[in-house]
Amino acid sequence: MLRPFQSVTAWVGDKVHHLSTEFWEVYYVYDQNCLLKNEVEALRVQNLEANEAFAENARLKALLGYKQEKTQFDLVAARVIGRDYATWSGVIVIDRGTASGVHENMPVVTEKGLVGVVVEAAPYSSKVQLILDPRAAVGTLVQRQESRVAGIVEGDPANALMPRMKNIPKSADVVEGDVVVTSGYGGVYPKGVLVGTVKALKNDEGGLLKYAVLEPAVDFQRLEDVVVIVASREAPPAPITPPPQTPGTETDPAAVKAAEQAKREAEEAQRQAAQPAPTPTKPQPATPQPAAPQQPTRRQQNEQPAVQPQSSQKREAGARP
């Protein structure tokens, strides 16, 4: 008679043991799941830090290679720490200043090309004006040997990310795809630094000139690390000499200067010829001036006899017999 009760008790005990085992297994799985989630999150953070370190290492390695290649420059590495909100595409802030040897009018570059110039330097930070700023003016020329056309690169207010190269003659040999580098004139930017590539050519408003729309060599949207050229040991570029021209033409500077000098001399000669000759005047004899009476000296005054008054002389004459 007890056997049915024993069977029921054994079944209930088995179920309770099975449920308790499942509960602990679920708790163990839950605990392991939480640990794995935390581990995955830590690995994700490590992966992000590793990727950031890898990207920074690649950038710094590129800058180091540029520094080793450009031995004629003394370079100071800097990091972009801010942007001027008033001119988001025109000015950046770097973490190097006068304490590191950075001063105004020093060019800023990367291994890819020109960034801008330092316009304001504090002890531990500096402001850099980018070539995208409309107030910038960079002397440039086309690198192609057959062209070598010079111009000025400045920011375009209508297109904040693509500057333009202006003052190009309409008949100049400039085509799309030409590489533009700094000319070195002006004493701020060294010669030969890559600026960008010509993407389009457009006529200026006056019609006599044209300008080139450039794609900058530097990606200013992802600009993080730069180098400042604090000193340069390369020789300055030779001055531009005009091409040889036929003497006597209006485009010959020497002939123009000589013609202007001759014109001034002719005008001076005509002006002198038009003036009447002055009439010679007879010299007037000098009028003799009356000599001033000489004052007798003290000795002469002593030698002269004293003159008595007339009344005294009459009295003396009456007294004589």
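The values are calculated or read from the model by the stated rules, or taken from the named source; none is laboratory data. Note that the coordinates shown come from a computational prediction; the quantities given were computed from them, not determined experimentally. Here Cβ is always computed from backbone atoms with ideal geometry, including for glycine, and neighbour counts include all displayed protein chains. Ligands, DNA and RNA are excluded from the accessible area calculation, which covers all protein heavy atoms including side chains. Shrake-Rupley method; radii C 1.70, N 1.55, O 1.52, S 1.80 Å.
Is it the case that E176 is open to solvent by 70 Å² or more (accessible area, probe 1.4 Å), touching an Asp or Glu at 6+ places or on another chain (Cβ under 9 Å), in a loop (DSSP other than H, G, I, E, B) and more than 29 Å from A58 (Cβ to Cβ)? Quick ask: steps written out before the conclusion?
Working: open to solvent by 70 Å² or more (accessible area, probe 1.4 Å): yes; touching an Asp or Glu at 6+ places or on another chain (Cβ under 9 Å): no; in a loop (DSSP other than H, G, I, E, B): yes; more than 29 Å from A58 (Cβ to Cβ): yes.
No, not satisfied.
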Which numbered condition trips up D204, out of (1) free of Cβ contacts under 8 Å to residues at least 60 places away in the same chain; (2) open to solvent by 30 Å² or more (accessible area, probe 1.4 Å); (3) out of contact with any Phe, Trp or Tyr (no Cβ under 7 Å at 6 or more places or on another chain); (4) not basic (K, R)?
(3)
Looking at segment 163-173, which of its residues are open to solvent by 40 Å² or more (accessible area, probe 1.4 Å), on the phi < 0 side of the Ramachandran plot and in contact with a Leu (Cβ under 9 Å, 6 or more places away or on another chain)?
R164, K166, P169, K170
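Please determine, by comparing only the residues of segment 62-86 that are of a type in the set (G, A, S) and open to solvent by 30 Å² or more (accessible area, probe 1.4 Å), which one is nearest to E224 (Cα to Cα). Spell out how you get there, then give the answer.
As a first pass, look at segment 62-86 and keep what is of a type in the set (G, A, S): 62, 65, 77-78, 82, 86.
Subsequent filtering for residues that are open to solvent by 30 Å² or more (accessible area, probe 1.4 Å) retains 62, 65, 77, 86.
Numbers: A62: 13, G65: 17, A77: 11, A86: 19 Å.
For segment 62-86, the residue satisfying everything is A77.
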On the phi > 0 side of the Ramachandran plot and part of a loop (DSSP other than H, G, I, E, B) - does that describe any residue in segment 192-204?
yes
Please work out which one of (1) farther than 19 Å from D133 by Cα; (2) part of a loop (DSSP other than H, G, I, E, B); (3) not polar (S, T, N, Q) is the condition K210 fails and give its number.
(2)
Within the set of pairs 6 or more residues apart or between chains, which connect a residue that is within 19 Å of A78 (Cβ to Cβ) inside segment 47-63 to a residue that is of a type in the set (D, E, K, R) and open to solvent by 50 Å² or more (accessible area, probe 1.4 Å) with Cβ atoms less than 6 Å apart?
A62/E111; L63/E111
Return a yes/no flag: does segment 122-132 have any residue that is farther than 15 Å from V193 by Cβ, open to solvent by 70 Å² or more (accessible area, probe 1.4 Å) and not in a loop (DSSP other than H, G, I, E, B).
yes
Got a number for residues in segment 97-121 being in a helix (DSSP H, G or I) and in contact with a strand residue (DSSP E or B) (Cβ under 8 Å, 6 or more places away or on another chain)?
2
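Criterion first (buried (at least 20 other Cβ atoms within 10 Å of the Cβ), under 22 Å from E111 (Cα atoms), of a type in the set (F, W, Y) and touching a Pro at 6+ places or on another chain (Cβ under 7 Å)) does Y185 satisfy it?
On the way: buried (at least 20 other Cβ atoms within 10 Å of the Cβ): no; under 22 Å from E111 (Cα atoms): yes; of a type in the set (F, W, Y): yes; touching a Pro at 6+ places or on another chain (Cβ under 7 Å): yes.
In short, no.
Any residue that is without any contact (Cβ under 8 Å) to a residue 12 or more places away in the chain and surrounded by 13 or more Cβ atoms within 10 Å (Cβ to Cβ) - is there at least one of those in segment 223-231? Break it down stepwise before answering.
Our first condition is that a residue be without any contact (Cβ under 8 Å) to a residue 12 or more places away in the chain; within segment 223-231, this holds for none.
No: zero hits.
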